[in-house]
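Beneath this line is the structure, given in structure tokens, with notes to follow.
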């Protein structure tokens, strides 16, 4: 068996990374949208808003565990974009990453729809709608609250994604908190949890163009129809554009408030306690590790 | 005392492993089914669906802590089967593992029934039923939701167990995430938590033939009668067969999407940062450790 | 300031340990009973049963963090007793430990009563009762559910405390799971959480004679009167006696199912991966560490 | 980009620390008050009291992660004060720390008001009030429960802050629990969680003058008017003064019950197991590390 599998080995680094990103986002959406499906179709009996927050948070954690050793686990076009702007990721790879992130989200939405097929039929009476009392499109992608203006939605997504990047960059900044790489997926999940708890009610904290657009595309094809693009005053483009702006804003804030002011590596390593550094060998390896850890 | 205990020492490795698997599943079911009993008999006053999710998740965590040093903590016939197929566990041991896993679940169900005897009597009025308003069989084993077709149930269990194996294999893949062994029980518990949150409402996420069949056998003997096998259009065989299929599917997906494409150990160890590797002595020992850690 | 404090230094090891046990149980009860007070006096508006579970779980975690470096953080007469029976703790110290554990619980109950004085007055209308619609004695110590027989209560407490010891011993067994000492307080807290979730509804999972008797004594003195000893068919002695029996039973099960069968240290250290052992210097020091870690 | 950012580098240590404290408190309040806003404006539909507890707890965790490498992450004037009294922080820096902590809280309150602008308008009908059925001032700062007397409120805040300091000092006392620095932010967050669960209902567990006064000042300016200072019998000064008293009390209790009695470093290092110490180089570096870790 092991030998049979070995025959399928792919050595191309980009293909491996794209497959890892695809699987990572797949896991994220499978657990995230799955938890929404469970809450919606059981009418809050087997879950509540907190379980949706936990579903996306742990979805991110396991999405990162599945992919980080291969691709660095961006799982989010807005994160990939920020890393490109910071010069920590290649611009050439960006479109491939984005495509496979969206693909993973699309496939996961299809899987959730398959797993909850009977439940959605029973709940909605077979009528797949985007709005109304038995609407089920919200299982897959985000829609704004009734009171929210478009500008309010943009502000909401920009602040949310900026907060996400602030946390992610702090967790990956080895001169600030120096967290072991195996804890980072858990803590990134915790960041998504707290954002869902504190910024989820306005428009469902997409924070991620792939997380929102992939499943939306699926619902468009699978029977919910063009309403998925029309609802909420054509809300669909906000969770694509605003997270990119927010990610750049959050990056800028963290860089300007904390990261750029760190003393250079040399002076730092003399002042800091030796335990954090003792197992680092040289500057090149340090760089490799920083590269591998920051993208999370 | 210590000396008295020493006299009982058993040196046979297989017996030790079987006892550890038995105790591990016992702990898992004791906490898992216990939390269902608490929610059912208090009519959601001292717990809710989330506490059932937490009960099974932490049940898995402590089940793994209790047994992993001895048997590798499969705690699930579907996991044991997958590891045999992957060549990481001996086929000869498989029937012993399965028997003691089911035995542990049976004994734990008996313990829960003993601990909640007064509560179940008070809640059900002394009438042990599988369906109806005061049904209590669902404390011990899983039954499908009313709307669920048999095919829907099979799909549900296959997807759920595949997701479990995907997470477990990613956590144990030391070339992907390289998690310290003492954190793996916690993270496997977190995987069970998120599956319960996102895939629990259709049919109670058994994901494990022993977890479902052991307690079902207990209820059959202890007074719930043959309804436990008839209910849900003879649902009982689905959580036995479908998890095995799902476990193999999840294994295949992870292997084909991530694990087989890792560069071989030698080329890897040059590229990666030294801190992850520095304390490994040689290839044989590495192998031993991988063997001990992956099965979780 | 630092110098002023230094003058108060006590060098007697037993006094230091007793103070640490007292403070540890104080923290446990302060958070645990505090969370019950919050749920009761707000009528579930600012908390629910899960928050009580979390309160006791994190109370244990921080109680252990506060005291483990000094006394090993038993925090429970039943745990101290088991360790004496296993030969891992001195019988001479046992009465001192128990007295200071009960004292810590008593003082913490007084603190909770002080902090919630206005809330308890407002909730109960100034009438401190043990039973009835505005009973408040349950904030401090445990009372059985109406349906529970005395035998049912004894069984409940025996099983619960046995499960606790099973988990605690597995966490401390460095030949099984080898968990870093700084994670053990968190995982012991998780064990208390899952027991509260799965075994809390029958009689409030005291599991600890000091946790129950100290606050009960406080309520007796502070105005709830002799009802605190009469209620529940004189329930008060069950959470004192049954946890001791349960702790010994749990110890026996873990020892007989797992711990005594471990191969001896020497043969083990050859088979296991070197990373777990590399930082141990010799057998004596190993012993010291085992001694310090197991009692948790 | 990286190079552009480098031009903005500030080398002054005090400015860097103030910016880090400001950003840390900003993150704390952004998540904390954000979670209250979500619960209030959705009328408990997308959150409940527990999610507020989690919001502040994880807000503290990420606030600490963002700032601890630079400033030690006090994030609380009462903590800064205690550390000055203990001689572990400079008195000269104290006013700067406090000013930037309050500033961070003020700016975060403004951000929450911006993000929840539409939601607050819809919930309150555009009428920003401090009391009454659609009061929204409680999103930003704390107000006492109706039943609470001023003395009761002072006692509540003193006990709560003392409990916080007890936990924080125990977590940072490397001769007691010796927790790796990267786990401390998570455990400090857990301490805030359990305090919110067990001491939150009387007056909202401010425990932090900056957390309460910064947002209160914002609400005063932003339209809630002078009621924010008058409500609750002029409650506003209690969460400023009482936490300072409580912090000193908690520090005193931990020092007198545990820390001052530790044997001196030399005798300790012989008795303890070598694994905790092996990577420390000398006394000066030890000192540096203690300095950096305790303030958390």
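Only the coordinates and a few stated rules stand behind these numbers; no lab work does. Predicted, not measured: the structure shown is a model, and the values here were computed from it. For neighbour counting, all protein chains shown are included, and Cβ atoms are generated from backbone atoms with ideal geometry for every residue, glycine included.
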- Query: How far is helix B:209-219 tilted off the main Cα axis of chain B, in degrees rounded to 10, range 0 to 90?
  - Reply: 30 degrees
- With axes computed from alpha carbons, what is the tilt in degrees of helix D:13-41 against the longest principal axis of chain D, rounded to the nearest 10 within 0 to 90? 40 degrees
- the protein assembly as shown - convex hull of alpha carbons, volume per residue in Å³: 156 Å³
- Task: With a ≥ b ≥ c taken as the square roots of the eigenvalues of the C-alpha gyration tensor of the range D:22-70, please select rounded if a/c is under 1.5 and otherwise prolate if a/b is larger than b/c or oblate if it is not?
- Result: prolate
- Message: Taking the rotation axis that maps chain A onto chain C, which residue of A brings its Cβ closest to that axis, and at what distance in whole Å?
- Response: A:50, 5
- Query: What is the average number of partner chain Cβ atoms found within 10 Å of a Cβ in D:166-179?
  - Reply: 5
- Under the rule rounded for a/c under 1.5, else prolate if a/b exceeds b/c, else oblate, using alpha carbon gyration tensor axes a ≥ b ≥ c, the range C:1-91 is classed as oblate
- Cα Rg, Dmax (largest Cα-Cα span) when computed across the range D:85-178, Å: 18.7, 55
- Message: Taking the number of other C-beta atoms within 10 Å as the exposure measure, put C:213, D:99 in order starting with the fewest.
- Response: D:99, C:213
- Task: Please give the calculated 222 nm ellipticity per residue for chain A, where each DSSP H segment of at least 4 residues contributes -39500 (n - 2.57) and the sum is spread over every residue; nearest 500 deg cm²/dmol?
- Result: -21000 deg cm²/dmol
- Message: For peptide D:4-10, what's the mean number of Cβ atoms from other chains within 10 Å of each residue's Cβ?
- Response: 4
- Message: Can you give me the C-alpha center-to-center distance between the range B:24-85 and the range C:110-165, rounded to a whole angstrom?
- Response: 28 Å
- Helix C:94-115 sits at what angle to the longest principal axis of chain C, using alpha carbons and giving 0 to 90 degrees rounded to 10? 40 degrees
- Going by a ≥ b ≥ c, the root eigenvalues of the Cα gyration tensor, does chain D fall in the rounded group (a/c under 1.5), the prolate group (a/b larger than b/c) or the oblate group? prolate
- With an 8 Å cut-off on Cα pairs and a minimum separation of 6 or more residues, tell me the relative contact order of chain C in percent. 24 percent
- Note on the structure: Simple spin-label estimate for residue D:3/residue C:5, 7 Å along Cα→Cβ, in nm, reads 5.0 nm
- What is the average number of partner chain Cβ atoms found within 10 Å of a Cβ in C:112-124? 5
